[in-house]
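**Student:** This is the structure, below, for whatever I ask next.
The values are calculated or read from the model by the stated rules, or taken from the named source; none is laboratory data. Values in this document were obtained by computation on a predicted structure and should not be read as measured data. Positions of Cβ are backbone-derived with ideal geometry, glycine not excepted, and every protein chain shown enters the neighbour counts.
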Amino acid sequence: MTPSDDRLADYRTIVITGASSGIGAALARRLGGPGRTIALIARDAARLEAVRAAGDAAGAACTAAAIDVRDRTRLADFLDGFDRAHGIDLLIVNAGILDGRHAEQATEDGDTARRVIDINLTAAIDTVHAVLPAMQRRRRGAIVLVSSLAGFVPLADAPAYSAAKAGMVSYALALRDGVEGDGVRVVVACPGFVATPMAALHLGPRPGEISADEAAMRILDGLRRNRAVIGFPTAAFWWSRINLLVPEFLRRRGAARTRFHVASDPTAAPSAHDAGR
Ligand SMILES: NC(=O)c1ccc[n+]([C@@H]2O[C@H](COP(=O)([O-])OP(=O)(O)OC[C@H]3O[C@@H](n4cnc5c(N)ncnc54)[C@H](OP(=O)(O)O)[C@@H]3O)[C@@H](O)[C@H]2O)c1
């Protein structure tokens with residue numbers, strides 16, 4: 001049995017990947033509270049520790065695990081141990097990077113494309129598989145995959161990011177249908193622009209940008225309502241979905257307004273690095 005629609009509180013043991021910053025840290029803040037046991041995963045131990053300490057202060061029992069989600073064995077070992085100890089009932093697969101075309105490039109390079117797919121898609125699927133069998137055995141649990149509106153809007157300046165996020169939407173919807181009968185709920189979140197350190201790397205217009213806290217609120221509300229696709233802001237979501245159905249010349253006209261480049265040196269784009277945390 002998955003918790004009933006209005007009982008987010010029934011999710012007591014939670015794992016969040018990409019919890020050291022942005023949307024993941026905001027989800028940790030919203031979910032942190034008495035009676036909750038939360039595992040926080042990301043690479044940066046110092047930033048993770050700050051989120052862990054805040055969660056503990058809010059009354060949750062938080063564990064920080066500094067793991068690169070591409071390290072499949074370490075990730076699976078950690079999740080297996082955490083699940084044996086506590087029984088995971090909510091997994092939020094949120095870790096991700098934005099990379100693509102830098103200012104001096106005509107398009108993104110092959111190494112960038114591979115890294116983006118490895119982290120944003122392959123590692124996300126590995127994370128699911130490290131937890132799903134235990135949820136299926138218990139016939140209880142929920143999985144949130146954090147994709148993007150880019151999953152519906154191919155971005156000329158970030159082809160691999162677009163592909164990874166589109167792949168994640170397809171993966172999540174396929175998985176949802178496949179495991180529904182096992183008592184496991186799967187939803188996919190598709191945010192538009194969210195003011196986080198990642199967004200600060202996107203050097204171009206970011207219309208309709210919302211805060212990380214509002215994004216976390218929208219994601220949890222969608223999970224509570226068991227929405228298969230949790231897309232926001234609402235107007236941008238529907239435009240994005242229709243975008244793939246309109247004649248190609250119209251899609252391209254819209255796409256021309258989404259051009260950007262990615263900051264070449266992530267450490268040199270600190271403007272929002274503290275803002276979205
Ligand atoms: N911000 C937006 O406008 C936006 C829009 C749509 C979708 N999203 C999606 O939302 C998710 C969260 O992004 P955000 O905006 O919150 O960005 P963020 O603030 O940069 O957070 C990304 C998180 O992912 C973690 N991460 C990245 N690579 C990792 C790896 N290899 N192993 C483990 N953790 C890793 C980062 O931690 P470490 O660096 O410490 O590892 C960080 O905690 C991403 O999947 C992103 O694609 C964001």
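**Student:** Please specify each residue of region 55-75 satisfying the condition of being farther than 16 Å from THR127 by Cα and in a loop (DSSP other than H, G, I, E, B).
**Tutor:** Passing the criteria: ALA58, GLY59, ALA60.
**Student:** For region 206-223, give me each residue that is touching a residue at least 60 places away in the same chain (Cβ under 8 Å) and buried (at least 19 other Cβ atoms within 10 Å of the Cβ). Let's see the steps before the verdict.
**Tutor:** In the first step, residues of region 206-223 are kept if they are touching a residue at least 60 places away in the same chain (Cβ under 8 Å); the result is 211-213, 215-217, 219-220, 223.
Those that are touching a residue at least 60 places away in the same chain (Cβ under 8 Å) and buried (at least 19 other Cβ atoms within 10 Å of the Cβ): ALA212, ALA215, ALA216, ILE219, LEU220, LEU223.
**Student:** Go through (1) within 25 Å of THR73 (Cα to Cα); (2) among the hydrophobic types (A, V, I, L, M, F, W, C); (3) within 16 Å of the ligand (Cβ to nearest atom); (4) outside any strand (DSSP E or B) and name the single condition VAL153 misses.
**Tutor:** Of the numbered conditions (1) within 25 Å of THR73 (Cα to Cα); (2) among the hydrophobic types (A, V, I, L, M, F, W, C); (3) within 16 Å of the ligand (Cβ to nearest atom); (4) outside any strand (DSSP E or B), the odd one out for VAL153 is (1).
**Student:** Give me a count of the residues in region 8-48 that are at pLDDT below 95 and over 23 Å from ALA85 (Cβ atoms).
**Tutor:** Looking only at that region, the number is 0.
**Student:** Determine which member of the set ARG137, ARG206, ARG218 is part of a loop (DSSP other than H, G, I, E, B) and either within 13 Å of the ligand (Cβ to nearest atom) or at pLDDT 95 or above (or both).
**Tutor:** The match here is ARG206.
**Student:** Checking PRO270 against (1) surrounded by 12 or more Cβ atoms within 10 Å (Cβ to Cβ); (2) out of contact with any strand residue (DSSP E or B) (no Cβ under 7 Å at 6 or more places or on another chain); (3) farther than 30 Å from TYR11 by Cα; (4) modelled with pLDDT of 90 or more: exactly one of these is not met. Which one?
**Tutor:** Going through (1) surrounded by 12 or more Cβ atoms within 10 Å (Cβ to Cβ); (2) out of contact with any strand residue (DSSP E or B) (no Cβ under 7 Å at 6 or more places or on another chain); (3) farther than 30 Å from TYR11 by Cα; (4) modelled with pLDDT of 90 or more one by one, PRO270 breaks only (4).
**Student:** Considering only residues that are closer than 19 Å to ASN120 by Cβ and of a type in the set (S, T, N, Q), which ones fall in region 8-54?
**Tutor:** Matches in region 8-54: THR17, SER20, SER21.
**Student:** Follow-up question, since we're still on this one. Which one of the conditions (1) in a helix (DSSP H, G or I); (2) under 22 Å from ALA150 (Cβ atoms) does ASP99 fail to meet, given that it meets all the rest?
**Tutor:** Checking ASP99 against (1) in a helix (DSSP H, G or I); (2) under 22 Å from ALA150 (Cβ atoms), the one that fails is (1).
**Student:** Additional query: Would you tally the residues in region 76-96 being among the hydrophobic types (A, V, I, L, M, F, W, C) and either in contact with a His (Cβ under 7 Å, 6 or more places away or on another chain) or in a helix (DSSP H, G or I) (or both)?
**Tutor:** Within region 76-96, residues that are among the hydrophobic types (A, V, I, L, M, F, W, C) and either in contact with a His (Cβ under 7 Å, 6 or more places away or on another chain) or in a helix (DSSP H, G or I) (or both) number 5.
**Student:** So GLU104 fits all but one of (1) in contact with a helix residue (DSSP H, G or I) (Cβ under 8 Å, 6 or more places away or on another chain); (2) in a loop (DSSP other than H, G, I, E, B); (3) charged (D, E, K, R); what number is the exception?
**Tutor:** (1)
**Student:** For region 177-193, does any single residue satisfy the condition of being within 11 Å of the ligand (Cβ to nearest atom) and touching a residue at least 60 places away in the same chain (Cβ under 8 Å)?
**Tutor:** Scanning region 177-193 turns up at least one residue that is within 11 Å of the ligand (Cβ to nearest atom) and touching a residue at least 60 places away in the same chain (Cβ under 8 Å).
**Student:** Restricting attention to region 51-67, report how many residues are within 16 Å of the ligand (Cβ to nearest atom) and exposed (fewer than 15 other Cβ atoms within 10 Å of the Cβ). Steps first, please.
**Tutor:** Applying the first criterion (within 16 Å of the ligand (Cβ to nearest atom)) to region 51-67 yields 51-55, 62-67.
Of the ones still in play, those that are also exposed (fewer than 15 other Cβ atoms within 10 Å of the Cβ) are 53.
Total satisfying the criteria: 1.
**Student:** Here's a check for you: in region 18-39, which residue that is free of Cβ contacts under 8 Å to residues at least 60 places away in the same chain and out of contact with any Gly (no Cβ under 7 Å at 6 or more places or on another chain) is nearest to the ligand (Cβ to nearest atom)? Walk me through how you get there before you give the answer.
**Tutor:** Filtering region 18-39 for residues free of Cβ contacts under 8 Å to residues at least 60 places away in the same chain gives 20, 28, 32-39.
Filter once more, keeping what is out of contact with any Gly (no Cβ under 7 Å at 6 or more places or on another chain): 20, 35-37, 39.
Values: SER20: 4, GLY35: 24, ARG36: 19, THR37: 19, ALA39: 13 Å.
My answer is SER20.
**Student:** For residues in region 221-241 being small (Gly, Ala, Ser) and part of a helix (DSSP H, G or I), which is farthest from ALA199 (Cα to Cα)? Please lay out each step first, then the result.
**Tutor:** Within region 221-241, the subset small (Gly, Ala, Ser) is 222, 228, 231, 235-236, 240.
Next cut, part of a helix (DSSP H, G or I) only: 222, 235-236, 240.
Working: GLY222: 22, ALA235: 20, ALA236: 17, SER240: 18 Å.
Going through the qualifying residues, I end up with GLY222.
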